[in-house]
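All of the numbers you see were taken from the coordinates with simple rules; none came from a lab. Everything numeric in this text was worked out from a predicted model, so none of it was measured. All Cβ positions, glycine included, derive from the backbone under ideal geometry; neighbour counts span all protein chains shown.
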Amino acid sequence: MSNEVENVKKHEEEYSASNIQVLEGLEAVRKRPAMYIGDVGEKGLHHLVYEVVDNSIDEALAGYCTHIEVTINEDNSITVKDNGRGIPTDYHEKEGKSALEVVLTVLHAGGKFDKGSYKVSGGLHGVGVSCVNALSTLLIAEIHRGGKIYKQSYSKGAPTSSMEIVGDCEDRGTFITFKPDGSIFTLTTEYKYDILANRLRELAFLNKGIHLALTDMRQKDEEGNFKHEEFYSQEGLKEFVKYLDETRGEPIIESIIYLDTEKNGTPVEVAMQYNNSFSENVHSYVNNINTIEGGTHLTGFRRALTRTLKKYADESGMLAKLKFDISGDDFREGLTAVVSVKVAEPQFEGQTKTKLGNDEVSAAVDQAVSQALGHYLEENPKDARAIVQKVILAATARHAARNAREAVQRKTVLSGAGLPGKLADCSSRDRSIAEIFFVEGDSAGGTAKQGRDRNFQAIMPLRGKILNIEKAQEHRIWENEEIKNMFIALGVSIGTEEDSKALNLEKLRYDKIIIMTDADVDGSHIATLMLTFFFRKMKPLIENGHIYIATPPLYLVKKGKQERYCWTDKERDQITEEFGSKGVHVQRYKGLGEMNAQQLWETTMNPETRILRQVNIENAAEADRIFSMLMGDDVPPRREFIEKNAHYANIDA
Ligand code: 0RA
């Protein structure tokens, strides 16, 4: 028996004191799980996996690990394997137990006693594996280290066995299997392959050279192989930008502008590409966390981009004929870019704690980008001219858009009156209870008006398809009646000339904004157009959880006087069976219009009985890609996608 294990055994009897303290720590996690992992819904459930994977990523970034494998087991437990050094198993004096047990039972213990390396990864909440342990009915840790295999089991954060040597090995690494506690994750304990795949793909792009893999033991193909994908990126963000741009317009420059460097001790990696689309597609990360609120790294990037391009444009003389000035936005139209920095002690600010506050990072990114972009422009004059031409085009279009936008702005900001004629407003002025339904078509709009509770529900019918934001130029957007009406009805105003992306939610008139369309291909297309609009032009509405999708039922199953609505084929079959198949009539609802006001209220609008899906952006980069694909020129994949996916993939509605 090795010394390490002897030590552990010796100290097992004197467990109690420190152990109780530790358990109290993890008890807090079980009592208020949302405080530690964000929420106990689908997001939190998946967050457990990220928490474990992040530790393996740290091990890889420290240079000790090359492969990380995630498996969704048949029972929805998860196994994460890596080939790192393995969590230390030796006896830990201060805590009176093995280091493994410390890592698994002490909050934030993760890399505490590994002073040499600084933790750059670590999930958004950075709480460590002990949290995962606390929230699992079973956790098994298997460590391959120093030729031995160590194993220990836990339940709800407490060990249910002592650490034992169970065999010999030649490899090294950490295997963690955990089963999330259904009494905590009451909404769902079912893992979604796509959510995990998207995060692992993102991690592969963000950490070039690491092999990641995902296997789903619940899904087998005809040949008996489990669903499996590998994620690996040799070129990091360069490939990330390529991937994001696959679904967008045509690139206007020869190659992706790329840099991977370190400035003042801050690792900075940036990739960028211009294409002929009209939207900005810039994503930023700090320590592998998507900083959706931006921060100093993004400020540094923008400043460098604007200054360097402006300087080049001025010197080229291309701006001589321009009669109006260029704004910062113009430099980013059609830009796809990813900015990733690693910061030793990140300060996260903002509503969702995804805004980097560290001042020093701004200069680091600025310097790195100015240098690399400056060189690129000098060495590629043809591309440089193409970019400047694109910027001039953007400035011209913006100039044309200004009047149109300001007209909308004046109307929304200055006049309390003048709500759109088509809006049937609710009587309550209490925003916290008020809802607005955007309804497909005038006829369904009429039914909804009759069926609603007019006290708190407003109805706004939309005629036909709304403008495709993805393909329209800015001024067309602000001139569009339907879109103007939406802004006016919602009461929000758009930002100033300098920051047309800022959205003022202070005057938002409704807490819930509900998209209600038919449950068919056309309906989901319209819903997607609406979501694209919110995503591109009113993102804070999504980020703050104001956007919902109504789900009308698919079927009405009737037998005599009995009637039941069904939302899935499975439900329909169940109810049909329950009713006994004789004399059962199944009605398929193709559109909202097939229901009368009472039915629409009962099934789709009544807060007591309806099913609302809240739209959130789980993964902004992936959402961007999907919206570009759905709304872009490349029609075949869109068709296929819409037909296959009723639920808007990662836009986790
Ligand atoms: C603490 C210290 C060391 C490694 C780890 C933790 C570690 C944790 C996890 C979690 C998943 N995979 C992991 N791999 C390693 C340093 C070990 C040493 O100095 O040998």
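Just name one of L319, Q371, P381: the one whose Cα is farthest towards the positive end of the charge dipole of region 316-421 (beta-carbon charges, Lys/Arg +1, Asp/Glu -1).
L319
Which peptide among 420-431, 337-348 comes first, and what is the full order, when sorted by highest mean count of other Cβ atoms within 10 Å?
Ranked by mean Cβ neighbours within 10 Å, highest first: 337-348, 420-431.
Could you please state, rounded to a whole Å, how far the C-alpha centre of region 192-245 is from the C-alpha centre of region 531-608?
34 Å
Compute the projected area of the convex hull of the Cα atoms of region 161-243, averaged over all viewing directions, and report it in nm² to one decimal place.
The orientation-averaged projected area of the Cα hull of region 161-243 comes to 9.5 nm².
Per residue and in Å³, how big is the convex hull formed by the alpha-carbon atoms of region 253-333?
Taking the convex hull of the Cα positions in region 253-333, it is 130 Å³ per residue.
Pairs of alpha-carbon atoms within less than 8 angstrom and 6+ residues apart define the contacts here; what relative contact order does the chain have, in percent?
10 percent
Roughly how large, in nm² to one decimal, is the mean projection of the convex hull of the alpha-carbon atoms in region 202-360?
If I average the Cα hull's projected area over directions, I get 13.1 nm².
So what are region 556-631's ellipsoid semi-axes, whole angstrom, largest first, if each one is the square root of 5 times an eigenvalue of the alpha-carbon gyration tensor?
Output for region 556-631: semi-axes of 33, 16, 12 Å.
Based on the alpha-carbon set only, what is the convex hull volume of the chain divided per residue, in Å³?
Normalising the Cα hull of the chain by residue number yields 182 Å³.
With each pseudo-label sitting 7 Å past Cα toward Cβ, what's the Q219-A363 distance in nm, one decimal?
4.9 nm
Over the Cα atoms of region 197-294, what Rg and Dmax result, in angstrom?
Values for region 197-294 (Cα only, Rg and Dmax): 16.2, 54 Å.
Over the alpha-carbon set of region 251-300, work out the extent along each principal axis and list the three values in angstrom, largest first.
Projected onto its principal axes, the Cα set of region 251-300 covers 34, 24, 18 Å.
Which of the three applies to region 301-409, rounded, prolate or oblate, going by the alpha-carbon gyration tensor with a ≥ b ≥ c and a/c under 1.5 meaning rounded?
oblate
Order the peptides 436-442, 311-317 from the highest to the lowest mean number of other Cβ atoms within 10 Å of their residues.
With the highest mean Cβ count within 10 Å placed first, the list reads 436-442, 311-317.
Can you give the convex hull volume per residue for the Cα atoms of region 130-172, as a whole number of Å³?
62 Å³
In whole percent, what relative contact order does region 119-273 give with Cα contacts below 8 Å and a gap of six or more residues?
This gives 14 percent for region 119-273.
Extension gain E27-E93, at 0.36 nm per residue separation less the Cα-Cα distance, in nm?
21.4 nm
Label region 343-395 by shape, choosing from rounded, prolate and oblate, from the square roots a ≥ b ≥ c of the eigenvalues of the Cα gyration tensor; if a/c is under 1.5 it is rounded, and otherwise prolate applies when a/b is larger than b/c, oblate when it is not.
The shape class here is oblate.
Quickly rank 277-283, 228-234, 536-542 as a protection proxy: mean count of other C-beta atoms within 10 Å, highest first.
277-283, 536-542, 228-234
Considering Cα pairs under 8 angstrom that are at least six residues apart, work out the relative contact order of region 547-602 and quote it in whole percent.
About 36 percent, as a whole number.
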